Amino acid sequence: MSMSKIPVAVLGATGSVGQRFVQLLEGHPWFRLAEVVASERSAGKPYRTAADWRLETPIPNETGDLKVMDLGAELESTLIFSGLDSSVAGEAEDTYANRGCAVVSNSKNHRMDDDVPLLIPEINADHIDAIEQQRKRRGGKGYIVTNPNCSTVGLAMALAPFERQHGIDTLHVTTMQAISGAGYAGVASYAILDNVIPYISGEEEKIESEPQKILGRWDNGHFVPAEFRTSAQTNRVPTIDGHLMTISLGFRNGKDLRRTFTLDQLIADARSAIDNFEGEPQRLKLPSAPEHPLQYLKELDRPQPRLDRDRGHGMTVSIGRLRPCPLLDLRMVALVHNTIRGAAGAAILNAELLKAKGLL
Ligand code: NAP
């Protein structure tokens with residue numbers, strides 16, 4: 001019954017990620033979208049007029065009729081999803097958290113803060129222990145949790161079985177990122193059609209630092225990052241949704257491993273670790289948890305964005321082409337749906353974890 005659902009607000013509801021929030025919250029068993037917030041350009045208008053809706057499903061009726069509110073407005077909801085532009089997200093998210101709300105954010109601003117979890121619940125659900133410390137700092141019940149950069153989510157999930165099994169020392173990743181990752185205004189069609197742009201502002205720095213926090217530990221009041229070194233190169237390509245990446249990795253004790261196991265054994269081990277990978281969302285049966293967070297595709301030419309991005313309702317990261325690397329140890333290809341597992345779907349899964357753990 002909708003009356004017993006938790007009312008939630010979406011900040012930045014008119015944008016690329018905001019529209020995905022609206023789509024994924026329709027019919028959610030625990031949450032009811034009660035409020036939508038955007039800039040003064042949209043405030044005061046009905047959502048269906050303010051948002052230039054671009055998704056394949058229609059705007060949910062109840063949401064279309066909601067009046068868009070101004071950023072900073074007093075909200076009825078105490079669970080707030082943020083898909084705000086990073087120029088305003090930092091301050092606005094702090095404001096709502098300091099008012100006592102649980103803010104579940106997509107934006108980069110607070111991801112690396114000392115007491116803010118950067119969550120992928122299959123990997124580091126225990127990082128929510130940092131919330132207690134954050135609440136003390138804020139002096140109330142409110143807090144912020146974040147999900148990673150859209151490429152980082154796919155990368156960290158693809159790495160998790162390897163980091164758990166043997167530990168990673170060195171990593172090289174090259175991304176081919178869809179245009180929906182650049183936000184609604186995005187990249188001009190004249191710039192991206194028939195083209196590849198070998199630069200995405202700020203992206204390589206995020207991919208080179210966020211996975212270490214995610215795959216690290218929350219230990220005695222602070223985050224201890226995982227120790228691998230990363231080199232990232234990022235490209236914008238003319239796909240609509242789905243970030244594809246090629247990854248090479250070297251193990252921490254690679255020499256010993258190669259002495260003890262053949263490469264075929266290492267690959268077979270890695271395949272089974274990928275197939276069996278799961279975490280808290282699967283154990284708790286959270287509503288947005290995919291049955292398989294990782295899926296290995298055997299075909300030599302997969303994964304591909306158009307064919308594989310919607311696996312697990314966009315929440316499964318697909319992996320393929322696992323094979324020896326002549327420079328490091330292994331190499332592979334990974335694909336993540338950037339606005340679902342890489343953004344709105346990730347945040348909703350985070351909020352489901354918080355609810356299941358009694359933090360809402
Ligand atoms: P977007 O399409 O440009 O949407 C930005 C949203 O922020 C819109 O709702 C916009 O409202 C609102 N906004 C902008 N300026 C504002 C202001 N001064 N006051 C209040 N609201 C304001 O961007 P996006 O791609 O959805 O990204 C949103 C956030 O998620 C960013 O921080 C981004 O880095 C992050 N993220 C994006 C992706 C992705 O794949 N796209 C993935 C992970 C994380 P108006 O419509 O009223 O202007």
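If I fit a long axis through the Cα atoms of helix 345-356 and take the longest principal axis of the Cα atoms of the chain, what angle between them do I get, 0 to 90°, rounded to 10? That helix lies at roughly 80 degrees to the long axis. For region 150-338, the relative contact order comes to 28 percent (Cα pairs under 8 Å, sequence separation of at least 6).
Ordering of 105-113, 164-172 by packing is 105-113, 164-172, highest average first (other Cβ atoms within 10 Å, averaged per residue).
On the chain, 49 percent of the accessible area sits on carbon and sulfur atoms, based on a 1.4 Å probe. Each of Ile200, Gly27, Pro303 was placed along the dipole of the chain (beta-carbon charges, centred on the mean Cα), and the one lying farthest toward the positive end is Pro303.
Toward the positive end of the charge dipole of the chain, with +1 on the Cβ of Lys and Arg and -1 on the Cβ of Asp and Glu, the farthest Cα among Leu249, Ile144, Ser82 is that of Leu249. Across the chain, the relative contact order, built from alpha-carbon pairs under 8 Å that are at least six residues apart, equals 17 percent. Among Met69, Leu215, Asn106, whose Cα projects farthest towards the positive end of the dipole of the chain, with charges put on the beta-carbon of Lys, Arg (+1) and Asp, Glu (-1)? My answer, from the dipole projection, is Leu215. Taking the Cα centre of region 150-338 as origin and assigning +1 to Lys and Arg Cβ atoms and -1 to Asp and Glu Cβ atoms, the resulting dipole is close to 280 debye.
Heavy-atom accessible surface of the chain, averaged per residue, reaches 44 Å², computed with a 1.4 Å probe. Treating the angle as unsigned and between 0 and 90°, give the value, to the nearest 10°, between the Cα long axis of helix 86-98 and the longest Cα principal axis of the chain. In the chain, helix 86-98 runs at an angle near 70 degrees to the longest axis. Against the chain, whose longest principal axis comes from its Cα atoms, helix 203-214 is set at around 80 degrees. The packing ranking of peptides 315-321, 149-155, highest mean first, is 149-155, 315-321, where packing means the average number of other beta carbon atoms within 10 angstrom of each residue. For the chain, the dipole from Cβ point charges (+1 on Lys and Arg, -1 on Asp and Glu) about the Cα centre works out to 380 debye, to the nearest 20.
The values are calculated or read from the model by the stated rules, or taken from the named source; none is laboratory data. Remember, it's a predicted structure, so these values are computed and weren't measured experimentally. Every residue, glycine as well, gets a Cβ built from its backbone with ideal geometry; the counts of neighbours run over all protein chains shown. Only protein heavy atoms, including side chains, enter the accessible area calculation; ligands, DNA and RNA are left aside. Shrake-Rupley method; radii C 1.70, N 1.55, O 1.52, S 1.80 Å.
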